[in-house]
Every structure is written in structure tokens, then in C-alpha cells.
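A.B. asks: Handing you a structure now.
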Amino acid sequence: MKEKLNGTILKGIGGFYYVETEQGVFECRARGKFRKENISPLVGDRVVAEVQENSRQGYVLEIQERKNQMVRPAISNIDQVMIVFAAAKPDINLQMLQKFIVYAEHLNIEPVLIINKVDLDPEKNYEKVTRVFQRAGYHVIEASAKGEIGIEEIVTTLKDKISVFAGPSGAGKSTLLNRLKPGLMLKTGDLSKKIDRGTHTTRHAELIDLDFGGRVADTPGFTSLDLNELQVEEIKECFPEFRTLSSHCRFNGCNHLKEPDCAVKAAVESGELESFRYEFYMLIQEEKKNFRRYK
Ligand code: GDP
Ligand code: ZN
């Protein structure tokens, strides 16, 4: 007897996909039609699996449309990406932070900012950063992976969602993940991780269950990125606070660059919009132009 079940792929190893259904986890292969269509199932995919009664095995028959997907780690249907930066050691690089946010927006994944290591900045300089990104509409969590700060808020935010951690190396992603999932035992500190990366090149991503509900990718995501794949028209969509203002621009489809009567530029002048946000927008538009010119 065969039976069709809905489920989610939690793990993929060597052509096998581990699909969690209401009847437990089944080890599935992908139907040949996916290969013909050049689709490969991804961790995070919601699927229909055909399983054999009295066996823990089956086939992935259908993959439901993906809400979004990431390449590193290769995961789909992500609810949020936790972008981790350190308050100090290393100091926050605002441009890099904004790149991560824009990239998450581009992938259609909600970014949540974690400013970690606040214990290393007793003067609380990071509060300025918190304020400006809150003003832009983002959820910002101030935390210390090594102390008691912000952990509860991170837990509440992760609960019942599918999340990926991202951010530059050294920010404390592995330390946070180890803390949230005791037993995960990710290596922390740069040197040991570099060695680790060399020996585990074929490792696949996995979604792991959090004890308090929700799932998280077991390895941190992108640590550096390139915004050159974005189109000029797409970039402005990655600034949520511009989106709400743009209905007041004179031109439909205003790119907020040289156009007259632009509500975004007016908001920068009046101080309603953080000027560094607009400067960063100009910067990536400019980088994009140069990139195309020299290609
Ligand atoms: P990752 O590269 O983002 O995964 O960063 P790690 O988790 O490896 O952390 C880098 C270094 O920062 C390690 O030596 C950690 O022990 C340290 N670290 C992580 N979180 C904190 C924190 O909240 N406070 C302090 N003081 N150090 C931290
Ligand atoms: Zn405009």
C-alpha cells in the first residue's frame, strides 16, 4: 500500500531527502522528473511524498512553490535571517551591515538584526545603531551570547519560525547557535573554523528543531556577499522606508536619483529619513554603474 503525505525536507544527504510528515520522518529519493526539469529538492521545501506502508522510505513527488531560497546554506522557505554583527571586536561596519540587510530584502527574507557582544561596549555606542535601524522599521536585538543579555528576546523571535543566521565571521553566530541548541557544538573562533571548512566541503545544510519550537539552519549562512546581481530597479525595493515614501514622488517608478520632486530626497533634506541610508543607496547604485562599465 502506498500513501501520499505532506511534509518538509529537513535534511539532504547523497541523493536522499529526509521528509518530516505527521507520521514521522521518511527517507525519500527524488522522482526522475525533477532531474529532467532541472529542479533539485532543497532543505526547507514543502513536498508531497509517496511512502510505502510499513517502511520508512518513499519518493518526493511534488515540490510546492518556494517562498524564497538561499544558496549558502541551500535552504528554502526561510521566515527570517538573523543578521549578527558585533558591537565591538570587530566594530560595526555600517556599510557591511546594510549590505546584508539589502541582500536579505533582495532574497525576500525578513532581516532581524542582532547586535551581539554588547558586553564589550560598556559605553553603549551601539545604541545609536539600534535606533537608526529601528527607525528604518527593523527589529533590532541587543545581545551578548556570552552573557544574559537579549537571549530571551532571540528565543521569542525564533519560536515557531524557520531561521538562518548570517553575518561576518567573528560576530558570534556559532556561539549564539551553540547556546540556543545545546549539543550542536559548532566550532567558535576563526582558526579552528578555517580548518573545519577544509575537511567538510561536501556537508549539506540541515534544519534542526529548537527545543522551544521553530527550526534553524545548523550552519550560519553567507558571511560576505556581492550586490552586483541586483538590478537598478530592484535596489530601491530593498529599502522599506523608501517604499512607503515613493507614492509621494512625482513620477511613478521614481528611482530617487535625479528625478525632480522626489519624496525620498525631500525626506532626507527634512531629516525625516536617515541620510546615511540614502547615502548607502547612492553608493550601491554608483558601484553598480561602475561594475557595468568595467565588465
Ligand atoms: P562567528 O564567526 O560569527 O561564528 O563567531 P564565533 O561564534 O566564532 O565568535 C567569535 C569570537 O567571539 C569567539 O572567540 C567567541 O567566544 C566570541 N564571542 C561570541 N559572542 C560573544 C559575546 O557576546 N561577548 C564576548 N565578549 N565575546 C563573544
Ligand atoms: Zn523618488
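A.B. asks: Against the longest alpha carbon principal axis of the chain, how many degrees, from 0 to 90 and to the nearest 10, is the axis of helix 94-106 turned?
C.D. replies: 50 degrees
A.B. asks: While we're on this one: Amide H neighbours of Cys28 under 5 Å, at least 5 residues apart or on other chains, H built in the peptide plane: list them.
C.D. replies: So Cys28 has HN proximity to Tyr17, Tyr18, Val19, Gly58.
A.B. asks: P(r) for the range 1-139: what percent of alpha-carbon pairs falls in each 5 Å bin, starting at zero?
C.D. replies: 2, 9, 17, 15, 12, 10, 9, 9, 8, 6, 3, 1, 0, 0
A.B. asks: Taking θ = phi - 60°, what integer Hz values does the Karplus form 6.51 cos²θ - 1.76 cosθ + 1.60 yield along the range 47-63, in sequence order, with x for Gly and Pro?
C.D. replies: Result, rounded to whole Hz: 9, 9, 10, 9, 10, 8, 4, 6, 9, 9, 10, x, 10, 7, 8, 9, 10.
A.B. asks: Pull up all non-local amide H partners of Thr219: gap of 5 or more, or a different chain, and H-to-H distance under 5 Å with H placed in the peptide plane.
C.D. replies: Here the answer is Glu206, since their amide H atoms fall under 5 Å of that of Thr219.
A.B. asks: Here's a follow-up. For the range 227-294, compute Rg over Rh where Rg is the Cα radius of gyration and Rh is the Kirkwood radius from the inverse mean 1/r over Cα pairs.
C.D. replies: Taking Rg over the Kirkwood Rh, I get 0.96.
A.B. asks: So, one more: May I ask you to list the trypsin sites (Lys or Arg not before Pro) in the range 135-176 that are in a DSSP loop and have at most 15 other Cβ atoms within 10 Å of their Cβ?
C.D. replies: Those that pass, being in a loop and sparsely packed, are Lys146, Lys159.
A.B. asks: What is the gain in length, in nm to one decimal, between Asn93 and Lys33 on full extension, counting 0.36 nm per residue of separation less the C-alpha to C-alpha distance?
C.D. replies: 17.0 nm
A.B. asks: Hey, another quick one. Apply 1/(1 + (r/R0)^6) to the Cβ-Cβ distance of Val132 and Glu237, taking R0 = 25 Å, and write down the FRET efficiency to the nearest 0.05.
C.D. replies: The formula returns an efficiency of 0.80 here.
A.B. asks: Quick one: Kirkwood hydrodynamic radius for the chain, alpha-carbon pairs, angstrom, one decimal?
C.D. replies: 21.1 Å
A.B. asks: Right, something else. Measure nothing but the geometry: give the 0 to 90° angle between the long axis through the Cα atoms of 275-294 and the longest principal axis through the Cα atoms of the chain, rounded to 10°.
C.D. replies: 70 degrees
A.B. asks: Pairing the Cα long axis of helix 190-199 with the longest principal axis of the chain, what angle in degrees results, from 0 to 90 and rounded to the nearest 10?
C.D. replies: On a 0 to 90 degree scale, this one is about 40.
A.B. asks: Can you tell me which of Ile83, Ile235, Ile114 moves the most in a GNM of the chain? Springs connect C-alpha atoms under 10 Å apart.
C.D. replies: In this elastic network of the chain, the residue with the biggest mean-square fluctuation among Ile83, Ile235, Ile114 is Ile235.
A.B. asks: Please give, to one decimal in nm, the separation of the simple spin-label points placed at Ile13 and Glu287, each 7 Å out from Cα toward the Cβ.
C.D. replies: The two pseudo-label positions are separated by 3.8 nm.
A.B. asks: Out of the DSSP beta bridges found with both residues in the chain, what percent are antiparallel (nearest 5)?
C.D. replies: Of those bridges, close to 55 percent are antiparallel.
A.B. asks: Are any of the pairs Lys128/Lys159; Lys89/Lys289; Lys117/Lys181; Lys89/Lys236; Lys89/Lys187 more than 22 Å apart by Cα-Cα distance, and if so, which?
C.D. replies: Lys128/Lys159; Lys89/Lys289; Lys89/Lys236, as the Cα separations exceed 22 Å there.
A.B. asks: Between the range 142-163 and the range 24-55, what is the C-alpha centre distance in whole Å?
C.D. replies: Spelled out, the Cα-based centre of one part sits 33 Å from the other.
A.B. asks: Dividing the alpha-carbon radius of gyration of the range 2-65 by 2.2 N^0.38 Å (N being the number of residues), what value is obtained?
C.D. replies: With N residues counted in the range 2-65, Rg over 2.2 N^0.38 Å equals 0.97.
A.B. asks: What value, in deg cm²/dmol to 500, does the helix sum -39500 (n - 2.57) over DSSP H runs of n ≥ 4 give at 222 nm once divided by the residues of the chain?
C.D. replies: -9000 deg cm²/dmol
A.B. asks: Let me ask another. Provide the per-residue ³J(HN,Hα) series for the range 143-158, in order, calculated from phi with Karplus coefficients 6.51, -1.76, 1.60 and θ = phi - 60°, each as a whole number of Hz, with x at glycine and proline positions.
C.D. replies: For the range 143-158, the Karplus curve yields 8, 9, 5, 9, x, 10, 8, x, 5, 4, 5, 5, 4, 4, 6, 7 Hz.
A.B. asks: Counting heavy atoms of the protein chains only and a 1.4 Å probe, report the per residue accessible area for the range 1-89 as a whole number of Å².
C.D. replies: About 54 Å² of surface per residue is accessible.
A.B. asks: The chain: longest stretch without exposed GluC sites (Glu not before Pro) (DSSP loop, at most 14 other Cβ within 10 Å), sites themselves excluded?
C.D. replies: That gives 149-271 as the longest site-free run.
A.B. asks: Something else about it: Sequence gap at least 6, Cα distance under 8 Å: using those rules, report the relative contact order of the range 227-294 to the nearest whole percent.
C.D. replies: 29 percent
A.B. asks: Step through the residues of the range 64-71 one at a time and calculate ³J(HN,Hα) from phi using the Karplus curve (6.51 cos²θ - 1.76 cosθ + 1.60, θ = phi - 60°), rounding each to whole Hz and writing x for Gly and Pro.
C.D. replies: So the Karplus estimates, Gly and Pro as x, are 6, 4, 8, 6, 6, 7, 10, 8 Hz.
The values are calculated or read from the model by the stated rules, or taken from the named source; none is laboratory data. A quick note: this is a predicted structure, and the numbers were derived from the prediction, not measured. No Cβ is skipped: glycine too gets one built from the backbone with ideal geometry, and neighbour counts run over all protein chains shown. The accessibility values were calculated without ligands, DNA or RNA, using every heavy atom of the protein model including side chains. Shrake-Rupley method; radii C 1.70, N 1.55, O 1.52, S 1.80 Å.
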